[in-house]
Amino acid sequence: MSKLLFRCGRHLTSLPLDHSLRGRLYIHTPNFRVFSADANGETKPDTINGSAYDDGKYPTGDFVYRPRTAWEDFMVKTRLFFALPWRRFQSGSVLKLVLRGEITDQLRSFSRALSLPQICGNFEKAAYDPRVAGIYLHIDNLSCGWGKLDEIRRHILDFKKSGKFIIGYVPTCGVKEYYIGSACEELYAPPNAYVGLYGFLVQASFLSGVFEKIGVEPQVERVGKYKSAGDQLTRKSMSDENREMLASLLDNIYRNWLEKISLAKGKQKEDIENFINEGAHQVEGMKKEGLITDIKYDDEVMDLLRTRLGIPHTKLLPTVGYRKYCNVRRSTLGLTGSKDLIAIIRASGSISRTPGRFNAPSSRIIAEQFIQKIRRVKVSKKYKAVIIRIDSPGGDALASDLMWREIKLLAAAKPVIASMSDVAASGGYYMAMAANAIVAEKLTLTGSIGVVTGKFNLGKLYEYIGYNKEIISRGKYAEIFAAEHRPFRADEAELFSKRAHDMYKQFRDKAASSRSMTVDKMEQAAQGRVWVGEDAASLGLVDAIGGLSRAIAIAKQKANIPLERQVTVVELSQPPSPLEMLSGMGDTFVEANEAVKDLIHEMESSDAIQARMDGILVEKFEGVSYSNSVLSLLKDYLKIL
């Protein structure tokens, strides 16, 4: 399985590259882009192959801190006085946020994973909460993509506009942790912090040699020379295209990281790069180079905060934690109340048409449920605009197309803006291209307009283990997907290829129509190639670079709402309740035997769009099924090789 590995001292953190992204990434070519810098030092692409990207076409959505009037301050304090006990805490408290582990783009109140909407909401609320003196941010072993990191980093910079302090603490200082920490006003690390600013690497693994040994022959059809998910099944080494694109991903991430860090620390990019190449692994080196403020233990930083706030060292520092602060309502702080409502529908995870028996609540995008939300919003007169927030590598092609249709109909009735998180590729991009405008982060992975489909010929494996399968069929092509005990016949292979090419043309042509591009021009951006957000914008696949705040600003513009007017953002993708989660768990345990039987039957007969093997997802933009219970056992076997 392809992963990006980021070394962090003694630890390794990894970012899996999902099935639609593995090995299909943009590589720089000479004079491909021209960059300019904005007032904040952000670099933005101006041209690509002669096509202009106009970043000024849409409002930026930049956060502007607006001090309270005396009346507004009085009303906020009055609401705080009558707040429920679990939403109260001492005035002058420090908001202590611990960013560690997985960060999801969903709203989750009952999960160990942190919620990006809640993290960002806490930053915004704290800027206006008179009880919050500042933020103490612990950053440790982050597990998320660069789109989410940019959203968090943006909110840290926005919070600083309030004039309140934000201090960071990094016991584990890898490239992701430091990327966030460098935006803080001050940054501290303990004496034995794990320092892992060694650089970036990408690696890809290949299963062809394994398959040869166990008698499995993958028969893969791909459309798009950069659509290389099948390479991991059919090759023993990287293709030239795969190597190009993986190198490109590193190039984009590395360049962006150097730019942001050098800007934050007032240093030359060459100085930061030299520090990395020295292999520095001790925190003293970071202090010497001015990359951190000082070396302190957590209790020493707490003492520093007590002194700053004038609190005697004999008393505890008043703090409020992440979970409790999530309970503070935006309305209490006067951050809502506008009659102009904008709906947000979140679409996170792989795409399925119907719910599965073993899917955790909100763990994937279920087309049936998503379409119901879209239709309710369409007929509602409450919402002036809609934002579809996408964090998905794709999945079921039919499901993606059905959702595309509903989003397209909604966009004809009211403004719809697609906001991309870490990834919106393949089916994720399919959904986005139905919107009136698309906003992506600089390093969002998007595009992947291509097709990979295939089946396994298990004939030699079956012979080796003594397994036999016989089929009685009627119809020339009845066995095309069921006969995994033999390879395709010549006529079957021809039909299989034709179907894949037809699916590719449909995807490409719909993308061209949705983005008001000619098919020839879209073909240049397609071919299964994955682009980072800034390059996708230059190609016309994306309209603007930014986060959710910019998507909201564009939604206001298209809904003819004055940009300076406050709007109320309504989340329509609420997290499951504890009762729903317990109910789901109960059903799973009680009906486990039946569910396993259904799962095997589903794999044998359904029009599944993706199949897992050792974490690899073979993406197929057509209804194909080649799996059975024996193949399931094979998958489990391969996982432990």
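The values are calculated or read from the model by the stated rules, or taken from the named source; none is laboratory data. Not measured: the values here are computed from a predicted model. Don't worry about glycine lacking a Cβ; one is built from the backbone with ideal geometry, like all the others, and counts go over all protein chains shown. These area figures cover heavy atoms from the full protein model, side chains too; ligands, DNA and RNA do not enter into them. Shrake-Rupley method; radii C 1.70, N 1.55, O 1.52, S 1.80 Å.
Condition (residue is among the hydroxyl-bearing types (Ser, Thr, Tyr), touching a helix residue (DSSP H, G or I) at 6+ places or on another chain (Cβ under 7 Å) and buried (at least 18 other Cβ atoms within 10 Å of the Cβ)) applied to the stretch 83-95: is it met by at least one residue?
Step one: list which residues in the stretch 83-95 are among the hydroxyl-bearing types (Ser, Thr, Tyr), which gives 91, 93.
Among the residues that remain, those that are also touching a helix residue (DSSP H, G or I) at 6+ places or on another chain (Cβ under 7 Å) are: none.
Checking the stretch 83-95: not a single residue is among the hydroxyl-bearing types (Ser, Thr, Tyr), touching a helix residue (DSSP H, G or I) at 6+ places or on another chain (Cβ under 7 Å) and buried (at least 18 other Cβ atoms within 10 Å of the Cβ).
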Checked pairs for the stretch 319-333, first assigned to a helix (DSSP H, G or I), second loosely packed, with under 13 Cβ neighbours inside 10 Å, C-beta under 8 Å and 6 or more apart or across chains, list as Lys324/Trp86; Ser331/Gly337
Restricting the stretch 202-218 to residues that are in a strand (DSSP E or B) and modelled with pLDDT under 85, the one nearest to the chain's Cα centre (by Cα) turns out to be Val202
Discussion item. Please determine whether any residue of the stretch 192-200 is open to solvent by less than 10 Å² (accessible area, probe 1.4 Å) and part of a helix (DSSP H, G or I).
Written reply: no
Residue pairs qualifying under the 6 Å Cβ cut-off, at least six apart or on distinct chains, with the first in the stretch 175-196 being closer than 16 Å to Leu97 by Cβ and the second being of a type in the set (Asp, Glu) and modelled with pLDDT of 95 or more, are Tyr188/Asp294
Worksheet entry | Residue check for Leu317: in contact with a helix residue (DSSP H, G or I) (Cβ under 9 Å, 6 or more places away or on another chain) and within 30 Å of Ala411 (Cβ to Cβ) | no
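Condition check: surrounded by fewer than 20 Cβ atoms within 10 Å (Cβ to Cβ) and not hydroxyl-bearing (Ser, Thr, Tyr). Does Val210 satisfy that? Steps first, answer last, please.
Details: surrounded by fewer than 20 Cβ atoms within 10 Å (Cβ to Cβ): yes; not hydroxyl-bearing (Ser, Thr, Tyr): yes.
So Val210 fits the description; yes.
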Scanning the stretch 410-436 for residues that are open to solvent by less than 10 Å² (accessible area, probe 1.4 Å), part of a helix (DSSP H, G or I) and of a type in the set (A, V, I, L, M, F, W, C) gives Leu410, Met431, Ala432
Scanning the stretch 397-409 for residues that are crowded, with 24+ Cβ neighbours inside 10 Å and under 21 Å from Gln527 (Cα atoms), the one farthest from the chain's Cα centre (by Cα) turns out to be Ala397
Residue pairs qualifying under the 6 Å Cβ cut-off, at least six apart or on distinct chains, with the first in the stretch 366-394 being farther than 20 Å from Ser426 by Cα and the second being small (Gly, Ala, Ser) and open to solvent by less than 90 Å² (accessible area, probe 1.4 Å), are Val377/Ala343; Lys378/Ala413; Tyr383/Ala343; Lys384/Ala559; Ala385/Ala555; Ala385/Ala559; Val386/Ala343
So the helices (runs of 4 or more DSSP H) completely within the stretch 475-543 holding 2 or more residues that are loosely packed, with under 15 Cβ neighbours inside 10 Å and free of Cβ contacts under 8 Å to residues at least 24 places away in the same chain are 490-514, 519-525
